[in-house]
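A.B. asks: Quick one: this structure, given as structure tokens, is what I'll be asking you about.
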Amino acid sequence: MNLPVDNWSNVNGSGERKCRCGSWKQHWINFSGKEWPSNCSVKGCYERPVLGAHVRNPDVKGEKIIPMCCGCNQLENKFSLKGGVTCVSANMSETCG
């Protein structure tokens, strides 16, 4: 399924959430089937991603996890993702729950 690249936003208050994978970064690795990327998922950012960030898009069902740098994880405005970014469901009942 191709997800839209525009109109994404960070989920406020998700930093305290825990999952059985140990971290949201590990959650993304476990369920994406891919290696952790060397660049942040946000379009125009080439910083190293250090966390699995909770994001949402009004045209996509549920919250998703993407690799993101600390700076982009603080964005308050809408942002675009790079093409081909793998988004993993943050819904633990669909993944590690």
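Taken together, the values in this text are just the output of simple stated rules run on the coordinates, not laboratory data. Predicted, not measured: the structure shown is a model, and the values here were computed from it. Neighbour counts run over all protein chains shown; Cβ positions are idealised from the backbone, glycine included.
A.B. asks: Could you put E35, E47 in order, starting from the residue whose Cβ has the fewest other Cβ atoms within 10 Å? Walk me through the intermediate numbers first.
C.D. replies: Numbers: E35 7, E47 14.
Arranged by neighbour count, lowest to highest, E35, E47 become E35, E47.
A.B. asks: Hey, what number do you get for the chain at 222 nm if only DSSP H runs of n ≥ 4 count, each worth -39500 (n - 2.57), divided across all residues, to the nearest 500? Walk me through the intermediate numbers first.
C.D. replies: On the way: 1 runs with 9 residues, N = 97.
Per the formula, -2500 deg cm²/dmol.
A.B. asks: I need E76, E94 ordered by Cβ neighbour count within 10 Å, fewest first. Present the calculation step by step, with values, prior to reporting the outcome.
C.D. replies: Numbers: E76 8, E94 11.
By the 10 Å Cβ count, ascending, the order reads E76, E94.
A.B. asks: Check the cysteines of the chain one by one and keep only those with no other cysteine Cβ under 4.7 Å from their own.
C.D. replies: Flagged as lacking a Cys partner: C19, C21, C70, C72, C87, C96.
A.B. asks: Return the single residue from P67, P37, P58 with maximal mean-square fluctuation; model: Gaussian network over the chain, springs between Cα atoms under 10 Å.
C.D. replies: Looking only at P67, P37, P58, the largest GNM fluctuation is found for P58.
A.B. asks: Please state the equivalent ellipsoid semi-axes for the chain: what are the square roots of 5 times the Cα gyration tensor eigenvalues, largest first, in whole Å?
C.D. replies: 18, 15, 14
A.B. asks: With an 8 Å Cα cut-off and a minimum separation of 6 or more residues, compute the relative contact order for the chain in percent. Write down the numbers at each step before the final one.
C.D. replies: Numbers: 175 pairs, mean separation 34.6, N = 97.
Once divided by the residue count of the chain, the mean separation gives 36 percent.
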